[in-house]
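In what follows, a structure is listed as structure tokens, so that the remarks can point back to it.
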Amino acid sequence: MPNSEFIISVTTFTYGLALVFYIAGWIFKKETPGRLGTTAMIAAGAGNTAGFFLRWAETYEMGYSYVPLSNLYESLVFFSLCIAVIYLFIEFKYKVRTIGIFASLCAFLSVAYASLPSMDSGIQPLIPALQSNWLIAHVITCFIGYAAFAIACGISIMYLGKSAAADPDTGTAGRIPDTETLDDLTHQMVTFGFLFLSIGIITGAIWAEQAWGRYWGWDPKETWSLVTWLIYATLLHARFMRGWTGKKIAVLSCVGFAAVLFTYFGVNLLPGLHSYL
Amino acid sequence: MKTRNNDESAADRIWRFFASVRLSVVLLLTLAATSIIGTLIPQNADPAAYERKFGQPLYTIFEALNLFDMYRSWWFRLLLCLLIANLVVCSVRRLKSTWKTIFPKKPTYQTERFRKSSGRIQWQVEKAQPGDLKQTLEPYIRSRLGNVSVKNPESQGGVLIFGEKGRWTRLGVYAVHFSVLLLMTGALIGSIFGYEGQMNVPEGEARKQFSLTNTNQSKELDFEVRCDEFEVSHYPSGRPKDYRSDIAIVENGEVVRQHELRVNDPLTHRGVTMYQSTYGKTPGEKLTVVLTESATGDKHEKTISIGETIEMPGGKSELTIEDYSDSFAFRGHNIGPAFLARLVPESGRATPVLLPVEHPSFDRMRRGDYEISVKDVDFRYYTGLQIKQDPGVPVVYAGFLIMIIGCYITFFMSHRKMCVELQPEDTGTRISVAGISTRNRMGTKSAVKKLSRKIENLTSKT
């Protein structure tokens, strides 16, 4: 039986394949590569799911029995899984494949980073602070939020590209959905992400209260998650109350995702309690 | 909008300042930007370390701006207060009009808005009169949507059926704002009435006293905490697996509660929460000191306890064991558990003596008449408990819950109004279905599609 790391390697390749097909479908305006892209994306999503559950089983085999959401490697695998699932839902609901380019790219980069030889992918038992159900809820909700923001950012980039195109209604730019749909989709993804980020921060706060005796401590990771939350809160207020749409919202959505990336990766360069993830 | 006049009162002006959403956007982004500073400069570190890192001039500026403890600085708190004022004023101002929409004396429907809405679906039904169709459709629409009202516009016998759903969802955003107020209130309650401290309880003993984290002052609980057993377990790799203290709460000499305290599983008693935080080893009552005469190598052994003074062999000096440290730092190196003693000669100055448990020949360095070491130290574990009282936590948790529910209502539910218009035509009736909503344009479009499909089925039967 193959181990989960092997399955994740195959998944990485499949996400890459999906990316190539989605790009081909977009540039050459052909149905077949687009359909192949969808097939590859579904396969990769399935592989990713299998990899996740197999690793879970492996932790049991080693006698540590934990949900594999406790280090950078495991979080990257889960991040790509969230992106794939949310994206596929959008593709089936709105029948747009162009967004798949960015979604498959993000998922690919995430698992590719996880598969780097320098990545510590060993199954390590949990230290006492990490043995908590609140931690599981915290990681799951945070990454669903992050994935939604990633897709929102992708759609926003498409929006900016389309509105900057000299001839937005023909050629490759013409195959991007109309700006109104993109704007609406960005908004939907941001609200979805915002709800999950909020739940993620809240469950994290409850976990911190139980493990360290404080629900908020201005630890760099906490602070950056708040910064991210504040940026998206600004976006929502600007849109609901000041009627911002289109370009301004797209730019804010990209800035928000930059904050997400820093919260995820950048904070590890700073000192703090979250040093294990 | 009101016309601005010069005799607008100061209160009005302040109100108008805080009622601006532009202010909200500015404050949210300012809070986001300034919060970053505290993640780049480690907070509440040693002043000397800051000075080394930044140099004197920069250090002075940063210190003046409170950048080393910025989340508690006056200006950061001011920003938070401004945001709260902004949030309250905006909410109160908007709530007035929202309230009228949610609880109208008489619901009004603007037919034109429905006629112009995108996603409006129209089709024709042959040989049917608007009046008859109304009889079929009205009960159905009533079953699907609340607040149905029927109008007959003056023009040629047409019928308009309005219905709506989810008026109350307009309150969702106020719930979110209220939850932010709760979080702030909870944090304030915690900072005023709460405290945090550390208590070390050796196995088999009970303690009441603990020291406060911020001030190092001693404080007493209303009850005693007894540690019956402490256990630390490791994985084969040496990683810690579990820290567990069996503790008992003792009130007036009686055990009222027992709990296995673990990391992630604290115990709350009378509003005071105890967390498994650290552990260590503490020496028991008695230990043996070995006194080796440097000149002859003769050994003498004596039993002693902390705080006790003994006479050295020959009677020329006295040895007192003064203190114990769990991990003593000697010239920057951790030499593990050590006793601190003092040797007082008959005449002359007292000499401090360091007695590391794991390095028995350490005292040879002193080159005294006697080389002193300790043995037979009966170590016991002590459990390090974090003691915390924060009456604000329930308020904060209530805020958490309301925030999640409020966000869900605000983003995923909407106040949706539907309009079914029946217009008489030469050979039958033209039916149009349209919907408008506070948000969720796509969701409304699909709701219009669904309703019209259902109506088509209903009307084709008649």
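Every read-out reported here was derived from the displayed coordinates using simple, explicitly stated rules and does not represent laboratory data. These numbers were taken from a predicted model, which means no experiment stands behind them. Cβ sites come from the backbone with ideal geometry, for glycine too, and all protein chains shown count toward neighbours.
Observations on the structure shown:
- Mean-position separation - Cα centroids, segment A:160-191 and segment A:92-148, in angstrom: 27
- Segment A:50-63 - phi-based ³J(HN,Hα) in whole Hz, Karplus 6.51/-1.76/1.60, Gly and Pro as x: 4, x, 4, 6, 5, 5, 4, 4, 5, 5, 5, 4, 7, x
- All-pairs alpha carbon distance profile, segment A:120-277, 5 Å steps from 0, percent: 2, 9, 16, 18, 16, 12, 9, 7, 5, 3, 1, 0
- Mean per-residue shielding of peptide A:206-219 is 6, counting Cβ atoms of other chains within 10 Å of each Cβ.
- Qualifying aspartates and glutamates (Cα of each under 20 Å from Cα of A:LYS221; at least 8 residues distant if same chain): A:GLU74, A:GLU209, B:ASP69
- Packing-based exposure ordering (other Cβ within 10 Å, fewest first) of A:GLU5, A:GLU74, A:GLU180: A:GLU180, A:GLU5, A:GLU74
- Footprinting exposure proxy ranking of A:LEU230, A:LEU88, fewest other C-beta atoms within 10 angstrom first, gives A:LEU88, A:LEU230.
- Derived scalar couplings ³J(HN,Hα) [segment B:243-250; Karplus, 6.51 cos²θ - 1.76 cosθ + 1.60; whole Hz; x for Gly, Pro]: 10, 9, 10, 7, 10, 10, 9, 10
- Computed about the Cα centre, the dipole magnitude for segment B:360-428 is approximately 500 debye when only Lys and Arg (+1) and Asp and Glu (-1) carry charge, each at its Cβ.
- When you restrict to C-alpha pairs under 8 Å that are six or more residues apart and normalise by the size of chain B, the relative contact order lands at 20 percent.
- Loop trypsin sites (Lys or Arg not before Pro), segment B:81-126 (other Cβ atoms within 10 Å of the site Cβ: 16 or fewer; DSSP): B:LYS105
- Angle between chain A longest axis and helix A:72-94 axis [Cα atoms, degrees, rounded to 10]: 30
- Within chain B, longest stretch free of exposed GluC sites (Glu not before Pro) [DSSP loop, at most 15 other beta carbons within 10 Å]: B:9-153
- Extreme residue, positive dipole direction of chain B, given options B:PHE210, B:LEU23, B:LEU458 (C-beta unit charges): B:LEU458
- Shown in residue order for segment B:63-71 are the 3J(HN,Hα) couplings computed by the Karplus curve 6.51 cos²θ - 1.76 cosθ + 1.60 at θ = phi - 60°: 5, 4, 8, 6, 6, 8, 8, 6, 6 Hz (x for Gly and Pro).
- Rh by Kirkwood over Cα pairs, then Stokes-Einstein D for chain A at 0.692 mPa s and 37 °C, µm²/s: 169
- Counting only Cβ charges, +1 for Lys and Arg and -1 for Asp and Glu, the dipole size of segment B:156-269 around its Cα centre is about 900 debye.
- Cα-based Rg / Dmax (Å) for segment B:344-419: 33.0, 105
- Residues B:ARG367, B:ARG207, sorted so that the one with the fewest Cβ neighbours within 10 Å comes first: B:ARG367, B:ARG207
- Taken along the Cα-to-beta-carbon direction at a fixed 7 Å, the label points for B:SER237 and B:VAL150 span 7.3 nm.
- Segment B:GLU456..B:GLU251, full-extension length gain: 66.3 nm, with 0.36 nm per residue of separation and the alpha-carbon distance subtracted.
- The trypsin sites (Lys or Arg not before Pro) of segment B:317-351 that DSSP puts in a loop, and whose beta carbon has at most 10 other beta carbons within 10 Å, are B:ARG331, B:ARG349.
- Sequence-distant lysines (8 or more away, or on other chains) whose Cα lies within less than 21 Å of A:LYS247: A:LYS162
- Cα-based radius of gyration for the protein assembly as shown, normalised by 2.2 N^0.38 Å, reads 1.27.
- Relative contact order (%) - criterion: Cα under 8 Å, at least six apart; region: chain A: 18
- In loop segments of segment A:156-251 as defined by DSSP, there are no trypsin sites (Lys or Arg not before Pro) with at most 15 further C-beta atoms inside 10 Å of their C-beta.
- Residues of segment A:77-98 falling in the label zone of A:ALA165, defined by backbone nitrogen less than 14 Å from a point 7 Å along Cα to beta-carbon, are A:97-98.
- Stretched out straight at 0.36 nm per residue, the stretch from B:ARG331 to B:LEU65 would grow longer than its current Cα-Cα span by 92.2 nm.
- Shielding of B:40-51 by partner chains, average beta-carbon count, 10 Å: 1
- In a reduced charge model with +1 at each Lys and Arg Cβ and -1 at each Asp and Glu Cβ, segment A:205-249 shows a dipole moment near 420 debye about its Cα centre.
- For segment B:168-265, the relative contact order comes to 16 percent (Cα pairs under 8 Å, sequence separation of at least 6).
- Put simply, the amide H of A:ARG214, placed in the peptide plane, has neighbours under 5 Å in A:GLU209, leaving out anything fewer than 5 places away on its chain.
- Test item: B:408-416 mean partner chain Cβ contacts at 10 Å: 2
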